[in-house]
1. If we sort 32-42, 8-18 on the protection proxy, mean other Cβ atoms within 10 Å, highest first, what's the order?
2. Averaging the inverse of every distinct alpha carbon separation and then flipping it gives the Kirkwood radius. What is it for the range 3-72, in angstrom units?
Amino acid sequence: MPGRLEGKIALVSGSTQGFGRGILETFVREGAVVLGLDLQATDGPVDGYSENVAYQIKANVAEEQSWVKAVISQPSSSTRLSLASSMILTLFV
């Protein structure tokens, strides 16, 4: 049975620990592709997940430059994350 978030894209702030990490893990378990943004993150796949399922970048969601970085640094091999990046870019155009 597919998860409730199958085929969805999620952007999760505070994704390296605490509630943010729990949300990231729940969303992945429910089938979403997740792009995590956190001040303490290391750019790359989230530990324990492939980059096509959960990818994170060091970012401050309060700064426009971090959103630009999210668009530029997302893994090119993931079509669904590419679509998410297009949506983010639209916010700033």
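1. 32-42, 8-18
2. Every distinct Cα pair counted, the radius reaches 11.7 Å.
No value in this document is a laboratory result; all are computed from the given coordinates. Predicted model, so just to flag it, every value in this text is computed and none were measured. All Cβ positions, glycine included, derive from the backbone under ideal geometry; neighbour counts span all protein chains shown.
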